[in-house]
Amino acid sequence: MQSVPFPSRSSSSISVYEVLFFLTLFLFIVVVCAWPILAWRIHHFSTWVPDSVHSFVVHERGATFYMSPALGRFYVSLPWLWGSLLGATILTGFLTGKGAGGSK
């Protein structure tokens, strides 16, 4: 029984669309992995009373706590960042499927 040879690529270089896909996939995985860690360790990065460092107010699940402005803005923007990176990963995945001349 003979095995079927693996199809080879016509060009040895990686396309711009593939680089863009892997970049957005990497960023999506970073956000997906960072979000649960931040949510799990939120008490370590926040306080219950505002001070000079922790001035950003976050309301989550009926609780109010204070974080540093940079980390607080990042934490609050994670749902939007997750959604946009998921959409970008899907979109660039469709772009990588196009071969030269529009055929696979």
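The values are calculated or read from the model by the stated rules, or taken from the named source; none is laboratory data. Only a predicted model underlies this, so the values are computations on that prediction, with no experimental measurement involved. As a convention, Cβ positions derive from the backbone with ideal geometry for all residues, glycine included, and neighbour counts pool all protein chains shown.
Remark: Trp82 falls outside the filter, which requires a residue to be touching a Phe, Trp or Tyr at 6+ places or on another chain (Cβ under 8 Å), loosely packed, with under 14 Cβ neighbours inside 10 Å and either of a type outside the set (Val, Ile, Thr) or at pLDDT below 90 (or both). Kindly provide the set of residues from the range 55-71 that are touching a Pro at 6+ places or on another chain (Cβ under 9 Å) and either closer than 20 Å to Val31 by Cβ or crowded, with 16+ Cβ neighbours inside 10 Å (or both), ordered by number. Within the range 55-71, Phe56, Tyr66 qualify.
Can you name every residue in the range 42-59 that is among the hydrophobic types (A, V, I, L, M, F, W, C), part of a loop (DSSP other than H, G, I, E, B) and either within 13 Å of Gly72 (Cα to Cα) or modelled with pLDDT under 85 (or both)?
Val53
Listed by first and then second residue, the pairs with beta-carbon distance under 6 Å, at least 6 apart or on different chains, first residue in the range 71-87 and among the small types (Gly, Ala, Ser), second surrounded by 12 or more Cβ atoms within 10 Å (Cβ to Cβ), are Gly72/Phe56; Gly72/Val58. Within the range 44-54, the set of residues being within 24 Å of the chain's Cα centre (by Cα) and exposed (fewer than 10 other Cβ atoms within 10 Å of the Cβ) comprises just one member, His44.
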